[in-house]
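In what follows, a single structure is set out as structure tokens and then discussed.
The values are calculated or read from the model by the stated rules, or taken from the named source; none is laboratory data. Here the structure is a predicted model, which means the values were calculated and not measured. Because the Cβ atoms are built from the backbone with ideal geometry, glycine has one as well, and the counts that use them run over all protein chains shown. Quick note on the areas: whole protein, heavy atoms, side chains included, nothing else; ligands and nucleic acids left out. Shrake-Rupley method; radii C 1.70, N 1.55, O 1.52, S 1.80 Å.
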Amino acid sequence: VICKVLIFFLRFFHGVIGNWGLSIILLTVMVKLLLLPLTHRAMVSAESMKKLQPKMEEIKKKYPDDREKQNVETMKLYTEGKVNPLGGCLPLLLQLPIWAALFTTLRTSYELYGEPFYGVWSDLTSKDPTYLMPLALGVTMIITQRLQPQMMDKQQAFLMTWIMPVFFTAIMMNYPAGLALYIFTNNLLSIAQQYALRKWLARKGPEAGAKA
């Protein structure tokens with residue numbers, strides 16, 4: 001069902017601009033706008049969790065050998081702060097079916113077969129021969145992870161910030177260039193959204209403090 005929706009809008013955008021690569025970019029923007037309310041709430045929740053980090057460290061120091069007590073106090077802290085610790089996962093989970101559907105669309109849609117983007121990207125349904133797109137995708141993944149508030153320990157943060165992007169980049173080197181283009185564009189939009197959100201929260205902070 002998702003494949004049919006994606007190919008419908010891809011055909012629509014292609015009918016307007018005549019380039020499948022640009023159509024994929026426009027499709028990415030459209031999906032990003034549709035998920036904007038969810039991603040905005042997730043990012044706000046993540047920024048709120050960042051403010052709780054000092055109190056979480058205090059809990060760990062107070063109960064160093066009692067993991068169960070740490071979990072209970074941490075969940076209590078989340079409840080008092082009205083923060084959902086899993087809120088940041090929802091947008092990613094919603095994106096996964098879209099990525100899978102787009103991969104199927106790129107692999108099976110005859111309209112996209114052999115269609116170029118620009119320059120060296122001569123076929124959006126085959127892997128990038130230069131590997132530039134997957135590498136750029138990996139860089140934007142690292143930037144995206146570094147912009148996220150780090151609520152994990154150092155080992156987990158290192159895994160998510162560096163190991164996961166490298167692993168994902170290696171996988172994407174053999175996947176269709178059109179899929180890499182979609183995820184790369186989505187990452188750029190996420191970086192811009194996170195930057196704008198931080199600017200907005202920075203302006204809102206003094207006003208909130210003045211009202212208080």
The lysines whose Cα lies under 22 Å from the Cα of LYS127, excluding any fewer than 8 residues away in the same chain, are none
Once R0 is set to 25 Å, what does the formula 1/(1 + (r/R0)^6) return for the Cβ-Cβ distance between LEU93 and LYS4, expressed as a FRET efficiency to the nearest 0.05? 0.75
Any idea of MET43's accessible area? Nearest 10 Å², probe 1.4 Å. 20
Mean accessible surface per residue for the chain, computed with a 1.4 Å probe while every protein chain stays in place, in Å²: 61
Tally of Lys pairs whose C-alpha atoms are under 14 Å apart, taken over the stretch 26-79, 8 or more apart or cross-chain: 4
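Per DSSP H run of at least 4 residues, take -39500 (n - 2.57); add these up for the chain, divide by its residues and hand me the 222 nm value, nearest 500 deg cm²/dmol. It would help to have the intermediate numbers written out before the result.
Values: 9 runs with 158 residues, N = 212.
Helix contribution divided over all residues of the chain: -25000 deg cm²/dmol.
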Given a 10 angstrom Cα cut-off, can you work out which residue in LYS82, LYS62, LYS51 is the most mobile in a GNM of the chain? LYS62
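Using a cut-off of 12 Å between beta-carbons, work out the net charge of the residues near TRP162 (Lys and Arg +1, Asp and Glu -1, TRP162 not included).
Numbers: positive: ARG146, LYS154; negative: none.
In short, +2.
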Net charge near PRO134 (other residues with Cβ under 12 Å of its Cβ; Lys, Arg +1; Asp, Glu -1) is 0
Would you work out the relative contact order for the chain, in percent, from Cα pairs under 8 angstrom that are 6 or more residues apart? 25
Checked the stretch 1-97 against the a/c 1.5 cut and the a/b vs b/c comparison, axes a ≥ b ≥ c from its Cα gyration tensor; verdict prolate
Provide LEU106, LEU93, LEU35, LEU159 ordered by accessible surface of protein heavy atoms (probe 1.4 Å), highest first. LEU93, LEU159, LEU35, LEU106
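Report, in cubic angstrom per residue, the convex hull volume of the C-alpha atoms of the stretch 109-182. Each step should come with its number before you reach the end.
Values: hull volume 6.5 nm³, N = 74.
Roughly 88 Å³ of hull volume per residue.
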From the C-alpha gyration tensor of the chain, pull out the three semi-axes of the equivalent ellipsoid (sqrt of 5λ each), sorted largest to smallest, in whole Å. 38, 19, 15
If amide hydrogens are placed 1.01 Å from N in the peptide plane, which non-local residues have theirs closer than 5 Å to the one on LYS127? ALA177
